[in-house]
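Notes for the one structure printed next.
The values are calculated or read from the model by the stated rules, or taken from the named source; none is laboratory data. If you're wondering where the values come from, they're calculated on a predicted model, not measured in any experiment. Heads up, the Cβs are rebuilt from the backbone with ideal geometry, glycines too, and the neighbour counts pull from every protein chain shown. Surface areas here come from the heavy atoms of the whole protein model, side chains and all, with no ligands, DNA or RNA. Shrake-Rupley method; radii C 1.70, N 1.55, O 1.52, S 1.80 Å.
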Amino acid sequence: MPLKRIYRGVTEPHDGIAALPVPPPWRDFDGGPPLARPDGPADPLPDPARHRAATFRPTPETVELVNAALYLRRPLLVTGPPGGGKSSLPYAVAHELGLGPVLRWNITSRTTLRDGLYQYDPLSRLYAANRSGPETPDASLDEHLRLGPLGTALLPYERPRALLIDEIDKGDLDLPNDLLHILEEGQYEIDELVRATPQQREAHVLTADGATRAPVHGGRVRCRAFPFTVLTSNAEREFPAAFLRRCVVLELRRPEGAELESIVHSHLPESDRRLVSEILEVFLARREEGELATDQLLNAVYLTSRPELGDAADRAQLAAQVMPYLSRGQDDDVF
């Protein structure tokens, strides 16, 4: 029997998150004092995030594994080909369950764990201290701190926030291991506050949302509702076993004919069905020879549906031009 679906894979928001069962004892967090979501439970996602959420088409497996991650309070590691909707998934879940704006952390080869937790500007604090005088050098420490996406997601919210850690496989080899302790314990420390004088350890720090400040007591942040965390990967490298066993793993496959047609019409509902079928046929034929992404198909359909184009030959040529191969088969000659 499948799990009771908290996330149902529908486009209409509902309050299903309120029915989420209690966590396993080893994933029960007690951070506090509890914080309400800053923008209120009924506030919708901003555009274009709302479009991404409304047009995402989950498979039954995706729905089941999202619910598994919610039940277990574990990160969801999503792998699959480029353009397959990996980064759209947290927007769809946040929209349906009313989790508020998605906190997004884009990973590069230079990203460190500290970047996701918080940033501290010592120079601006030094300038402020010089202006205010030596008698109050620590008076505005919290003015020079800002939480990152991961650091904000781990605040003690009453309901989980949605966090996207995008393209984690592009990060340093040590980043997954660095994340291990934070995601396991659901807490971290802000070193500058821990080292401050006792009267300065209570701070109100700007969140990654940029609109609110959150209280931090003693320099320690601990979550209350573990955030719905999606880590995406293009499978460019393997992850340590210790990291994988702490994640729920979802592999998105390439969508095929009928699924692709549904995706196109969800994004471009006014498109002519005959034209969509023609461009889809070209897309599928070209995909036999090399890697293509779904967003390339969307670009081709949008452009070829423009009334400015002349005849069918123009449309076919333009479709091919905006769908270059991302990679070629191993048997292809490369010069």
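At-a-glance table
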{"read-out": "Neighbour cut-off at most 14 other Cβ (10 Å), DSSP loop, GluC sites (Glu not before Pro), region 272-321", "value": "E288, E289, E308"}
{"read-out": "All-pairs alpha carbon distance profile, region 184-295, 10 Å steps from 0, percent", "value": "10, 24, 19, 20, 16, 10, 3"}
{"read-out": "Per-residue [θ]222 nm for the chain (sum of -39500 (n - 2.57) over DSSP H runs n ≥ 4, rounded to 500)", "value": "-9500 deg cm²/dmol"}
{"read-out": "Carbon + sulfur, % of accessible area of region 182-333 - ligands and nucleic acids excluded, 1.4 Å", "value": "46 percent"}
{"read-out": "Residues listed by number, region 266-289, amide nitrogen under 16 Å from D295 label point at 7 Å toward C-beta", "value": "267-268"}
{"read-out": "Cβ charges +1 (Lys, Arg) and -1 (Asp, Glu), total dipole of the chain, debye", "value": "980 debye"}
{"read-out": "Pairwise FRET efficiency - R274 versus I182, Cβ, R0 = 45 Å, nearest 0.05", "value": "0.30"}
{"read-out": "Computed FRET value (nearest 0.05) for A320 with T11, which takes r as the C-beta separation and R₀ as 35 Å", "value": "0.60"}
{"read-out": "Which label in (i) 1.25; (ii) 1.20; (iii) 1.04 gives the computed Rg/Rh (Cα atoms, Kirkwood Rh)", "value": "(iii)"}
{"read-out": "Residue-span extension gain [A18 to E236] - 0.36 nm each, minus C-alpha spacing", "value": "74.8 nm"}
{"read-out": "Per-pair calculated FRET efficiency, R0 = 35 Å: D28 and T212 via Cβ, rounded to 0.05", "value": "0.85"}
{"read-out": "Trypsin sites (Lys or Arg not before Pro) within region 214-272, DSSP loop, no more than 13 other Cβ atoms inside 10 Å", "value": "R237, R245, R253"}
{"read-out": "Solvent exposure of the chain as accessible area per residue, Å², 1.4 Å probe", "value": "51 Å²"}
